[in-house]
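Before any comments, here is the structure.
The values are calculated or read from the model by the stated rules, or taken from the named source; none is laboratory data. Treat the numbers as computed from the prediction; the structure is a model and nothing was measured. Every residue, glycine as well, gets a Cβ built from its backbone with ideal geometry; the counts of neighbours run over all protein chains shown. Note: accessible area is taken over every heavy atom of the protein model, side chains too, but ligands, DNA and RNA are not part of it. Shrake-Rupley method; radii C 1.70, N 1.55, O 1.52, S 1.80 Å.
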Amino acid sequence: KEHIAEVEKFDTKAKEELEAFRIKYLGKKGILNDFFAEFRNVPKEAKKEFGQTINQLKQAAEGKVTEIREALENAEEDKGVYGDLTRPSEPINLGSRHPISLVKNQIIEIFSNIGFNVSEGPEIEDDWHNFTALNLPEYHPARDMQDTFFIQTNPDVLLRTHTSSVQVRYMENNQPPIRTISPGRVFRNEAISARSHCIFHQVEGLYIDKDVSFADLKQTLLYFTKEMFGKSKIRLRPSYFPFTEPSAEVDIYWGLENEIDYRITKGTGWLEIMGCGMVDPNVLENCGIDSKEYSGFAFGMGIERIAMLLYQIGDIRMFYENDVRFLEQFKSAL
Ligand code: PHE
């Protein structure tokens, strides 16, 4: 009976003490086994009470052990969840931005620093915004079914072949001064290869104000290439676009310092990165801007081409295949 009272009083927070308690009462050489062994020697008339009492003791001891063990386990669980705030957490797998988005955002940032806003327009266009307003005569080869995905003919509905269409829309709705860049997806009916795809991305820029000259264009391009590539050696090659006059192709000097660059530039060191020119007065008039009062420049570049250059990507198709082994390589580039 004294033992029962002791058992009922027992409490501990230490596992080792609990184990010692268990061994003391319930172990092989424990108090209970001693009492059971003693049972034989108890006089007949006392056997009943003795038996009942040691059974009570056994239940009390077993109950106590279970009760304390559960309490200790619960306390340990709580500690595991809330206790150690310095323990390492489950790893969280971060996603990555697509290289097209990375380069697009970078271009937007560079031009927004000199006051350009961002304009967007529809990917499905009409003939006017994609061609006619931009001074593309009806016989121009770019209108050929070979180059353009027509959704419908007469009246023509098509997938825009460049984001110059956005500039037309912007001029129709805004008077100068205009400083805007138009990033977006464009479509051309071209054979898919390592160098060209039927879908790609462009950023086109437009600057219209009083007395804008070719020198302003050149300085803007210089600023851009320096910010974008850290290189400022560029050259302008005379070229032709129906919507600009004069027109030029912009080449950047990429150097011949290492083998990879040498391969990309095909040995000359110069690499074409965009087209540009002074907006043709016809285009301004088509869009409701007085060409006697205003002049401006425009430029356009392919985002893939610039991304390929920056990240040394050898095949344009990589951008659209969504191969995680490719995409995961841009994790560190935010
Ligand atoms: N729209 C031209 C293209 O898609 C690029 C360009 C834009 C050229 C503006 C000159 C001026 O190739």
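If you wrap region 164-205's Cα atoms in a convex hull and average its projection over all directions, what's the area in nm²? If you can, show how the numbers build up before the last one.
Numbers: hull surface 13.1 nm².
Projected over every direction and averaged, the Cα hull of region 164-205 covers 3.3 nm².
From the Cα gyration tensor of region 1-116, with a ≥ b ≥ c the square roots of its eigenvalues, which class applies: rounded if a/c is under 1.5, or else prolate if a/b is larger than b/c, or else oblate?
Values: a/c = 7.00, a/b = 5.96, b/c = 1.17.
Note, shape of region 1-116 comes out prolate.
With the cut-off at 20 Å, tell me which of the pairs Lys44/Lys64; Lys104/Lys233; Lys28/Lys58; Lys1/Lys47; Lys104/Lys231; Lys9/Lys48 have Cα atoms farther apart than that.
Details: Lys44/Lys64 31 Å; Lys104/Lys233 22 Å; Lys28/Lys58 13 Å; Lys1/Lys47 15 Å; Lys104/Lys231 18 Å; Lys9/Lys48 26 Å.
Table pairs above 20 Å Cα-Cα are Lys44/Lys64; Lys104/Lys233; Lys9/Lys48.
If the only charges are +1 at each Lys and Arg Cβ and -1 at each Asp and Glu Cβ, what is the size of the charge dipole of region 172-316 around the Cα centre, to the nearest 20 debye?
400
Screening the chain for whole DSSP H helices of 20 Å or more along their axis (Cα) with average Kyte-Doolittle hydropathy at least 0.0 returns 214-229.
Given the chain, what whole percent of its Cα pairs are spread farther than 32 Å? Before the final figure, lay out each step's value.
Numbers: 28971 of 55611 pairs.
I get 52 percent for the Cα pairs in the chain exceeding 32 Å.
Provide the packing ranking of 53-61, 301-309, 67-75, i.e. peptides ordered by the mean count of other C-beta atoms within 10 Å per residue, highest first. Walk me through the intermediate numbers first.
Numbers: 53-61: 17.2, 301-309: 21.9, 67-75: 13.1.
Ranking the peptides 53-61, 301-309, 67-75 by packing returns 301-309, 53-61, 67-75.
In straight-distance terms, cross-link reach from Lys24 covers every one of the aspartates and glutamates whose alpha-carbon lies under 18 Å from its own, apart from those fewer than eight places away in the same chain; here that gives Glu2, Glu6, Glu8, Asp11, Glu16, Asp34, Glu38, Glu62, Glu67. Taking the empirical scaling 2.2 N^0.38 Å for compact globular proteins as reference, region 68-145 has a Cα radius of gyration ratio of 2.58. Pairs of Cα atoms in region 180-334 fall into 5 Å distance bins, from 0 up to the last occupied one, in shares of 2, 8, 15, 19, 19, 16, 10, 6, 4, 1, 0 percent. The order of the peptides 240-252, 13-25, 100-112 by mean Cβ neighbours within 10 Å, most packed first, is 240-252, 100-112, 13-25.
Looking at region 156-217, the accessible area is 40 square angstrom per residue; that uses a 1.4 Å probe and ignores ligands, DNA and RNA. Computed in the context of the full set of protein chains, the accessible area of the chain at 1.4 Å probe radius has 50% of its extent on carbon or sulfur.
Would you please classify the overall shape of region 142-194 from the alpha carbon gyration tensor, given that a ≥ b ≥ c denote the square roots of the eigenvalues, rounded means a/c under 1.5, and beyond that prolate means a/b larger than b/c while oblate covers the rest?
On the way: a/c = 3.58, a/b = 1.66, b/c = 2.15.
Oblate.
Each 10 Å bin, from zero up to the one with the longest distance, holds this percent of the alpha carbon pairs of region 54-198: 9, 22, 19, 11, 6, 7, 8, 7, 6, 4, 1, 0.
Taken over region 131-242, the percentage of Cα pairs per 5 Å bin, counting from 0 up to the bin with the maximum distance, is 2, 9, 15, 19, 20, 17, 11, 5, 1, 0. Relative contact order, whole percent, for the chain stands at 16, derived from Cα pairs under 8 Å and 6 or more residues apart.
Taken about its Cα centre, the chain carries a charge dipole of roughly 1480 debye when the Cβ of each Lys and Arg holds +1 and the Cβ of each Asp and Glu holds -1.
Using a simple charge model, +1 on the beta-carbon of Lys and Arg, -1 on the beta-carbon of Asp and Glu, nothing else, what dipole does region 125-168 show about its Cα centre, in debye to the nearest 20?
Details: 2 positive and 7 negative charges, 21 e Å.
Once rounded to the nearest 20, the dipole reads 100 debye.
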